[in-house]
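Here the structure comes first, spelled out in structure tokens, and everything after it is commentary.
The values are calculated or read from the model by the stated rules, or taken from the named source; none is laboratory data. Since this is a predicted model, take the numbers as computed values, not measurements. Here Cβ is always computed from backbone atoms with ideal geometry, including for glycine, and neighbour counts include all displayed protein chains. The accessibility values were calculated without ligands, DNA or RNA, using every heavy atom of the protein model including side chains. Shrake-Rupley method; radii C 1.70, N 1.55, O 1.52, S 1.80 Å.
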Amino acid sequence: PANPFGSFHMIVRSDLAGDCIGCGIGDDRFEPNDDLASASPLEIDTYGGLISDGLLEDDYYAFTVPGDSEIIIDAIFEHAISDLDLVLYSAGAIIDTGFSTTDNEQVSFGNCDPTPVDLVVRVNNFSNICSEYDLDFSFNPLFADDALEDNDDCASAVPLPLGVTRDLIVRSSCGTGGGEDSDFYSYQLADGDTLTVDILFSDASADIDLILYDVS
């Protein structure tokens, strides 16, 4: 009161908990997206400042995985504030999950088909406490199949001639969690014959193993 021209500075800080990041104040820009039917469509990109309000309303996001590519989805958050989990859906069925008791979660899916696949990822607030999070989508191109596919099991093994068969491709990122896409080949030996099989590759690129089965 003694100085009508006095001034001061005010600094307001938030510990990123409770109402300070949106709970009870306002939804993020993708709401309402609280179920599979209302999943918000996203591009493969990074999205920051998302809010899980902790009111038993999970967040759902829809996106498309290009053909012959692997999608990786990371939810970035602080577990000490709120425990978030990830659930990945294809046609309404769960195909991968990310549940842990640490910061951040990840799910992935390898689309080993040339046709794009539509998926939905769900951010589940397990602890029901409001939290802010980022969602990061990234994808890696996968090699296209070689001309001898589909030979992914014993029943579909492809007969190979003796000699060198070049430029074969085996992929390890099909489906979820780096599922295998093994290749099977068949040979027929006469009595007394000996078969030697070598696979030639660079271990720096991938670790490939060779298994020989008797037909029985």
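One line per residue, one yes/no per condition, for (1) open to solvent by 30 Å² or more (accessible area, probe 1.4 Å); (2) under 24 Å from the mean Cα position of the chain (by Cα); (3) farther than 18 Å from LEU36 by Cα:
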site	(1), (2), (3)
ILE81	yes, yes, yes
ASP85	no, yes, no
GLY92	yes, yes, no
THR102	yes, yes, yes
THR115	yes, yes, yes
VAL121	no, yes, no
PHE137	no, yes, yes
SER156	yes, no, yes
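Specify the residue that is farthest from the chain's Cα centre (by Cα); the eligible residues are those in region 59-71 that are closer than 20 Å to GLU132 by Cα and open to solvent by 20 Å² or more (accessible area, probe 1.4 Å). In this case the residue turns out to be TYR60.
Each residue in region 32-58 was checked for being assigned to a strand (DSSP E or B), open to solvent by 20 Å² or more (accessible area, probe 1.4 Å) and over 30 Å from ASP113 (Cα atoms), and 3 of them qualify.
Filter region 139-154 down to the residues that are assigned to a loop (DSSP other than H, G, I, E, B), open to solvent by 70 Å² or more (accessible area, probe 1.4 Å) and more than 19 Å from LEU200 (Cα to Cα) and list them by number. It would help to see each step written out before you state the result.
Quick first cut of region 139-154, residues assigned to a loop (DSSP other than H, G, I, E, B) only: 142-153.
Checking the rest, the ones that are also open to solvent by 70 Å² or more (accessible area, probe 1.4 Å) come to 143, 147, 150, 153.
Matches in region 139-154: ASP150, ASP153.
Among residues of region 44-69 that are within 30 Å of ILE169 (Cα to Cα), those with a beta-carbon under 8 Å from a residue that is among the charged types (D, E, K, R) and part of a loop (DSSP other than H, G, I, E, B) at least six positions away or on a different chain give the pairs PHE63/GLU43; GLY67/ASP113; ASP68/ASP113. Out of the residues in region 104-113 meeting the condition of being open to solvent by 50 Å² or more (accessible area, probe 1.4 Å) and touching a strand residue (DSSP E or B) at 6+ places or on another chain (Cβ under 8 Å), tell me which one is nearest to ILE73 (Cα to Cα). Among residues in region 104-113 that are open to solvent by 50 Å² or more (accessible area, probe 1.4 Å) and touching a strand residue (DSSP E or B) at 6+ places or on another chain (Cβ under 8 Å), the one nearest to ILE73 (Cα to Cα) is GLN106. Pairs please, first residue from region 147-162 and modelled with pLDDT under 90, second anywhere and part of a helix (DSSP H, G or I), Cβ atoms under 8 Å, 6+ apart in sequence or on different chains. As it stands, the answer is ASP150/SER156, since those pairs meet every condition given. Looking across region 171-196 at every residue that is over 30 Å from VAL65 (Cβ atoms) and surrounded by 10 or more Cβ atoms within 10 Å (Cβ to Cβ), the one that is modelled with the highest pLDDT is identified as SER186. Going residue by residue through region 114-130, is there one that turns out to be more than 30 Å from ARG29 (Cβ to Cβ) and without any contact (Cβ under 8 Å) to a residue 60 or more places away in the chain? Checked region 114-130: at least one residue is more than 30 Å from ARG29 (Cβ to Cβ) and without any contact (Cβ under 8 Å) to a residue 60 or more places away in the chain. Within region 123-133, the set of residues being outside any strand (DSSP E or B) and surrounded by 16 or more Cβ atoms within 10 Å (Cβ to Cβ) comprises ILE129, CYS130.
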